[in-house]
Amino acid sequence: MSVTSEKLSPAILAEFRAIVGSGNIVTNADELLVYECDAYTLEKNLPDVVVLPKTTEQVAAIVKVCAAHNIAFIPRGAGTNLSGALLPIEGGVFIALTRMTKILSVDYRNRRALVEAGCVNAWVTNAVKSRGFFYAPDPSSQSACTIGGNVATNSGGPHTLKYGVTTNHVLGFEMVLPNGEIVWLGTQPEGGEDVGGYDLRGAVIGSEGMFGIVTQVLVRLTRAPQAYKTLLAIFESVDEASQTVSDIIAAGIVPGAMEMMDQLITQAVEAAYHFGFPLDAGAVLIVELDGLSAGLERQAARILEICRNNHSREVRVAKTEEERALLWKCRKRAFGAIGRLSPNFLTQDGVVPRSKLPEIMRFIRATSERFQLRIPNVFHAGDGNIHPLILYDEREPDQVRRAVAAGEAILGKCVELGGSVTGEHGVGVEKIDFMAKQFSKEDLDAMRTLRSVFDPEMRCNPHKMFPGSKRCADFAPKKQASA
C-alpha cells in the first residue's frame with residue numbers, strides 16, 4: 001500500500017520520480033515506518049513520502065516542487081536526533097540526504113575539507129588522520145550522525161570543553177532555501193576565512209532545519225595533539241566526582257574532555273564491554289589531557305592531587321593507545337548499553353553552570369525517587385551538559401507519563417539554576433514548552449522573525465521549537481495519542 005494525501009497526488013509523486021528516479025523515492029507504508037520518528041521515540045508519525053536526492057541540484061528541484069504545491073518538507077540525515085526535531089508532525093515530504101555522503105575535497109594547507117551533508121561525522125577524521133589532522137566535534141553518535149545534522153543542532157560531544165561545538169568548526173556551507181534557491185553562507189571553499197556582512201552562517205547553525213536544507217559543508221580541520229594523557233578517577237559518590245570537575249577548572253586546567261558516569265550506567269557499560277570498571281563505585285570520571293607532551297605530566301599530577309583531595313579511591317592512567325580507545329568506546333556507547341537495563345529510555349540534555357553540578361545531581365536523585373523511575377547519568381561534566389537517562393517501559397502508559405514528568409522537572413531545575421534546556425540535542429518537539437520558560441516573549445518573537453526571513457511560509461520543518469506548535473497528539477487517532 002502506498003501512502004498519499006490530497007496534497008501528494010500521483011502527479012506530484014511523478015514529479016519527484018522524474019527528479020531522482022524511481023529507486024530513490026519511498027511511498028510504501030511498511031518502508032515509511034523506518035522514518036516515523038528519530039531517536040526521540042515518544043512521538044511518532046509517518047511522512048507522506050521520502051525522497052533521496054544525490055545532488056544539490058536535485059534537492060533544489062524537490063524543494064521547488066514543494067513550494068509550487070505548498071507542501072511541507074523536512075530535511076533528514078541519519079535520524080539520530082534525540083529531541084524529535086525530525087518528526088513529520090503532519091506528514092509532508094522527507095528529503096533524506098543519506099545518499100549525499102562524499103568528502104568532496106581536502107585542503108591540508110588551509111586545514112579544511114568540503115563534505116556533503118550526509119557524510120558521517122567520523123568519516124572526516126578517518127579520512128585525514130594519516131596526515132595528522134582530525135575533525136574536533138565528536139558527538140557520542142559520531143559513527144552514525146551526519147555533518148548536516150550536526151549543523152542543524154550545533155552538536156557537541158565529549159571534547160566540547162576544549163574544542164567547542166560544531167559552530168566553531170564549520171567555516172561555511174551551501175544551502176537550499178525554501179523557495180529552491182541555492183546559496184552559500186560563510187567562507188567559500190576557495191576563499192579566505194574572513195567574511196563581510198552579517199554572520200548568516202552562525203544564524204543558521206542550530207536552527208534545526210527550519211531555515212533550509214544544508215547540502216555541502218566546509219569544515220575546519222584541527223591538527224592532532226602531540227600526546228594524550230587519559231585518566232579514570234573512581235569515586236564513592238557523584239558529589240565527590242562533581243566537585244572534582246569544578247576544582248580542576250578552578251585550578252586553571254582545561255582538559256580536552258571530562259566525562260562522568262554514575263554507578264548504574266557504569267554497571268551497564270561494564271556488562272556490555274568488559275573494560276574493568278568497578279561495579280561498586282558511586283561515579284567514575286574520565287579526564288583527558290592533550291597537547292604538547294612536555295606539559296602533560298605536570299597537569300596530570302595536579303589533577304591526581306585534586307582527585308585525592310576529593311576522596312577518590314583510585315586513579316588509573318591509560319597505559320596504551322588501545323586502552324585509551326577502549327575507554328572512549330565504552331563512554332560513547334554508553335547509551336547503547338542501556339538496553340540491558342530498560343526497554344526504553346528518555347535522554348535529557350540540560351545544561352547547568354559547572355558549580356551547580358552537585359546540586360543538579362542531587363535533584364536528579366530526588367526526582368528518581370519521586371517518580372519511582374531509575375535515572376542513570378552519563379554526561380559532559382566539563383561544560384555542565386547533563387544527560388540523565390530516564391528509564392521506562394512504553395508498554396506501561398503510567399510509566400510513560402512519569403518519565404515525561406520527570407524529564408520536565410529536571411529541565412525546569414536546569415533553568416532555575418541559571419542553565420539551559422538544551423546543550424546539543426536541540427529543542428525539536430520535546431522541549432517546545434520550555435522555550436517560553438527560558439526566553440521572554442520578545443526573544444521568541446525575534447527568533448520567529450528571523451525564521452520568517454528564510455522561510456516566510458513556514459513550510460521548512462514546521463511545528464518545531466516554538467511554543468504553540470502542534471504535537472502529534474493534537475491530531476492523531478486516539479490509538480496513537482500515547483505515542
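Between Arg313 and Asp433, the FRET efficiency estimated from the beta carbon spacing at R0 = 35 angstrom works out to 0.25.
For Lys102, the aspartates and glutamates whose Cα falls under 12 Å of its own Cα, not counting residues fewer than eight places away in the same chain, are Glu116. Which residues in the range 216-230 place their backbone N less than 17 Å from a point set 7 Å from the Cα of Leu292 along the Cα-to-Cβ direction? Backbone N within reach: 223-229. The modelled label-to-label distance for the pair Ala325/Arg17, using points 7 Å beyond Cα in the direction of Cβ, is 4.7 nm.
Which percent, nearest 5, of DSSP beta bridges in the chain are antiparallel? Display every interim value, and only then the final one.
On the way: 56 of 64 bridges.
Of those bridges, close to 90 percent are antiparallel.
Could you compute the net charge surrounding Asn81? Neighbours are other residues with a C-beta less than 15 Å from the C-beta of Asn81; K and R count +1, D and E count -1.
On the way: positive: Lys44, Arg76, Lys431, Lys464; negative: Glu36, Asp38, Glu43, Glu208, Asp349, Glu424, Glu430.
After counting each charged neighbour, the total is -3.
Legend: ranking of residues Val284, Val65 from fewest to most surrounding C-beta atoms inside 10 Å; resulting order Val65, Val284. Stretching the chain fully between Asn70 and Val254 yields a gain of 61.3 nm (0.36 nm per residue, less the alpha carbon separation). When the helices of the chain are scored as -39500 (n - 2.57) per DSSP H run of n ≥ 4 and the total is divided over every residue, the value at 222 nm lands at -10000 deg cm²/dmol. Taking 29 Å as the limit for the C-alpha separation, the pairs Lys129/Lys431; Lys54/Lys162; Lys162/Lys332; Lys162/Lys431; Lys129/Lys229; Lys329/Lys464 exceed it in the case of Lys129/Lys431; Lys54/Lys162; Lys329/Lys464.
Sort Ser469, Ser293 by Cβ crowding within 10 Å, fewest neighbours at the top.
Details: Ser469 17, Ser293 12.
Ranked by crowding around the Cβ, least crowded first: Ser293, Ser469.
Using r as the Cβ-Cβ distance of Ala203 and Leu279, and R0 as 60 Å, what FRET efficiency do you calculate, to the nearest 0.05? The pair Ala203/Leu279 has a calculated efficiency of 0.80. By how many degrees, between 0 and 90 and to the nearest 10, does the Cα long axis of helix 263-273 differ from the longest principal axis of the chain? Taking Cα atoms only, the helix is inclined about 70 degrees.
Scanning residues 5 or more positions from Val49 or on other chains, those with amide H under 5 Å from its amide H are Gly92, Phe94, with H placed 1.01 Å from N in the peptide plane.
Computed over the alpha carbons of the chain, Rg followed by Dmax gives 22.6, 71 Å.
What net charge do the residues around Leu221 carry, taking every other residue with its C-beta under 14 Å from that of Leu221, with Lys and Arg at +1 and Asp and Glu at -1?
Working: positive: Arg109, Arg111, Arg112, Lys129, Arg131, Arg220, Arg223; negative: Asp107, Asp138, Glu193.
Summing Lys and Arg as +1 and Asp and Glu as -1 gives +4.
Note on Ala366 and Glu396: the model spin-label points, each 7 Å out from Cα along the C-beta direction, lie 2.4 nm apart. Principal axis analysis of the Cα atoms in the range 342-424 yields extents of 37, 21, 16 Å, listed in decreasing size.
Just so you know, all these numbers are worked out from the coordinates, no wet-lab data involved. Note that the coordinates shown come from a computational prediction; the quantities given were computed from them, not determined experimentally. Virtual Cβ from ideal backbone geometry, glycine too; neighbours counted across all protein chains shown.
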